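Let me begin by presenting the structure, written as structure tokens, before commenting on it.
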Amino acid sequence: MGLQPLEFSDCYLDSPWFRERVRAHEAELEKTNKFIKELLKDGKNLIAATKNLSAAQRKFAHSLRDFKFEFIGDAETDDERYIDASLHEFSNFLKNLEEQREILALSVTETLIKPLERFRKEQLGAVKEEKKKFDKETEKNYSLLEKHLNLSAKKKELQLQEADNQVEQNRKHFYELSLEYVCKLQEIQERKKFECVEPVLSFFQGLFTFYHQGYELAKDFNHYKMALQINIQNTRNRFEGTRSEVEELMNKIRRNPQEHKRANHFTMEGYLYVQEKRPAPFGSSWVKHYCTYRKETKKFTMIPFEHRSGGKAGDEELFILTYCTKRNTDTIDRRFCFDLEASDRPGVPVTMQAFSEEDRKLWMEALDGKEAVSAQLDKIGFTIIKKCISAVETRGINDQGLYRVVGVSSKVQRLLSLLMDAKTCNEVDLENSVDWEVKTITSAMKQYLRSLPEPLMTYELHGEFIVPAKSGSPESRVNAVHFLVHKLPEKNKEMLEILVKHLANVSKHAKRNLMTVANLGVVFGPTLMRPQEETVAAIMDLKFQNIVVEILIENHEKIFKTLPDATFPEPISMSVSPPNAPPRQSRRQGQRIKRPLAVYNLCLELDDADSHSSPREDTPTGSMDSLSSQSPTPAFPSSPPGLLDGNHLIMDSGDLAGWTTNLPGQSRPSMVSWMNAPSANPAATNTVPSTFFFSNPATGSDRAVESVAHRKARAVYPCEAEHSSELSFQIGAIFEDVQFSREPGWLEGTLNGKRGLIPQNYVQFL
């Protein structure tokens, strides 16, 4: 789990958890600042100390390898993962140059040192200044607020109004500063990925230019550089789009904070001052608490929290609310007060003070509650979509930028109003009339889909569609989306089928209209899918919506014309993300595994001469630039569902019930880490028993069990061999004479008369 997004609506609540998330972001930026500072120091030493060049290179490589970017949200795109892994990759390149002592070009200062210094000074330095202002304004705001709340209600009305205006003005200033600080924190978290990596990439390009002896390595680096540049550009493009969305959301919340409160299980939450009564001589005191209320359960919680004492929270107090009444100033010498009574303390009300009259009204209104209503998919929509699709395919299937070029807003609205009117819909001729341009028709169709009260792929399944796009092999992603499409309501599925079939036809004309599968995913991802709640986290998932649409377009025949496999389980990623697979280990000392070049082309047209590799046989024509089809298959897939439990592998045998094997890297790294129950009759299969150790997690004790070394196994994932000693296979392949290899994480087996190595967690023993 990476850094949690900082929601702008939380700036107005200023809750303890919001402060914790802000501190986490600040700590991450401080770590980045230290990293860049160390990297700059190492880079300067590399230029100056030619006699100690090899030692400086190793230190520089060590700094790169140990640092890892944190990300916002719960998953990264493939591009972001490659960028995160790039520092480790740079370290590997640098290690191969230890014995080559050539003088680095003077351009290193311009390509590496200055950009990093500029980023550290202009970006990280700006954040530090914003932090100082934020901390200072926090102290000022809450000090002034407490002083204001202590004003007697008996003072003149003019004095009270002046005091109210002063507090409100100061509070608005504090909220403005808080919003800007939160926006800056998240912007710098996203910006640093390419701002830090790009200078390092430029440095490596210059470095290999001056090494004739490293010519072969330089060619390999150039191959990797091309992929990384595309990853960086894709990430930069997404950053620009995400930043504009975030700024728009921030401005919307700034204009009307109350209309953009985050949806959560609390009916109301915020700060209240609670009156704590003391013995008669000492009167009473007012202590600030962060309070939450749930209408369904009538549960009211209070947590004392003081911003000025380091943000330390006290013990939580919970009670069941029985009633709430407003307190007038004639009964208490404070404004904005109301009483609550708990079920376990009848007749003993708790007096609370809100920040303002508006705040008190919100609390009172929250106790009443409201219900929202939702509309259904309009039946006339099928007629509209079919008419628009027919017109587009008849008149403009080859138009460049189809669906990306937007029509004039007034014309689009006029056309849409005619189509949505049952009286005029059939009279509108889109195929033969010159009154309606193709871009007007496409814009009207997109506008209609976006105006539905619920997206075509529904709020309910939105999260489930997003999850398989974040992980898994291409095949598992397709299977998961196939399964989920058939869970859609019948009308939604029928409409989606009509639209996706049309988009697949549009992508077939990509050479003329330039609308590749990836470009169509960018256009229709936010149109067909959107979360019910508009948050920063939801904006971060926009990139995964595009991937889902790409999968639909590339596999529309399978998804809509066939039923999902009846044996296909509920995707494991719908509830719990599968564990990350371990990297494939290289068996040749010093040999670096080549990684496939994944080309993600969102808007870029490449000449035929620039393409050096042909698409794989199983890649649909015209989808080479698709994120969904070009994600490289991981060397090791996720473990089979249901077999992993934490850090242990659960055995099937009743004899081993409750016992689990230790995974590699645990207390017995040399023992077996994946195996089904041992055979009840080893002699019957002509096998050699072996002893394995199992640990009981409940007692911590170990137990020795004899198991079978020679077994049959079935492939549960496909695999393509990377070396001649490995076997290639598809799902369902049966291996004979399977036994454990000397290499950790590998098995030896025979398939179709050929013997070779098999990744251990690709198979299940029979």
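The values are calculated or read from the model by the stated rules, or taken from the named source; none is laboratory data. Since we're looking at a predicted model, the values are computed, not measured. Heads up, the Cβs are rebuilt from the backbone with ideal geometry, glycines too, and the neighbour counts pull from every protein chain shown. Side chains included, ligands, DNA and RNA excluded: accessible areas come from the protein's heavy atoms. Shrake-Rupley method; radii C 1.70, N 1.55, O 1.52, S 1.80 Å.
Structural remarks
- Here Asn150 and Glu240 are evaluated by their C-beta separation; at R0 = 35 Å the FRET efficiency comes out at 0.15.
- Expressed as a whole percent, the proportion of Cα-Cα pairs in segment 384-561 lying more than 23 Å apart is 40%.
- Computed across segment 9-218, the Kirkwood hydrodynamic radius from all distinct Cα-Cα pairs reaches 20.3 Å.
- Highest mean first, the peptides 512-525, 480-493 sorted by other C-beta atoms within 10 Å per residue fall in the order 512-525, 480-493.
- Each Lys and Arg Cβ is given +1 and each Asp and Glu Cβ -1; about its Cα centre, segment 9-218 then shows a dipole of about 980 debye.
- Couplings 3J(HN,Hα) for segment 174-188, derived from phi with the Karplus relation 6.51 cos²θ - 1.76 cosθ + 1.60 (θ = phi - 60°), are 5, 5, 4, 5, 5, 4, 5, 5, 5, 4, 5, 4, 6, 5, 5 Hz, where x marks Gly and Pro.
- Our estimate of slack between Lys511 and Glu475, defined as 0.36 nm per intervening residue step minus the Cα-Cα distance, is 10.3 nm.
- Rg/Rh ratio calculated on Cα atoms of segment 152-230 (Kirkwood radius): 1.59
- Rounded to whole numbers, the Karplus 3J(HN,Hα) couplings from phi for segment 226-236 are 4, 5, 5, 4, 5, 4, 5, 5, 4, 5, 5 Hz, using 6.51 cos²θ - 1.76 cosθ + 1.60 with θ = phi - 60°, and x at Gly and Pro.
- Estimated vicinal HN-Hα couplings, Hz - segment 82-93 in sequence order (Karplus 6.51, -1.76, 1.60; Gly, Pro = x): 5, 5, 4, 7, 5, 4, 5, 5, 4, 4, 5, 4
- Taking 26 Å as the limit for the C-alpha separation, the pairs Lys37/Lys133; Lys491/Lys561; Lys133/Lys192; Lys470/Lys558; Lys299/Lys361; Lys121/Lys543 exceed it in the case of Lys121/Lys543.
- The 1.4 Å probe gives accessible areas that order Glu80, Glu245, Glu187, largest first, as Glu245, Glu187, Glu80.
- Surface composition of segment 9-218: carbon and sulfur atoms hold 50% of the protein heavy-atom accessible area at a 1.4 Å probe.
- Amide proton proximity set for Ala733, modelled H, under 5 Å, gap of 5+: Ala715
- Taking amide H atoms as placed 1.01 Å from N in the peptide plane, the amide H of Glu726 lies under 5 Å from those of Leu757, each 5 or more residues away in sequence or on another chain.
- At an R0 of 30 angstrom, the distance between the Cβ atoms of His173 and Lys121 translates into a FRET efficiency of 0.65.
- Peptides 20-26, 425-431, 497-503, 443-449 ordered by average Cβ neighbours within 10 Å, highest first: 443-449, 497-503, 20-26, 425-431
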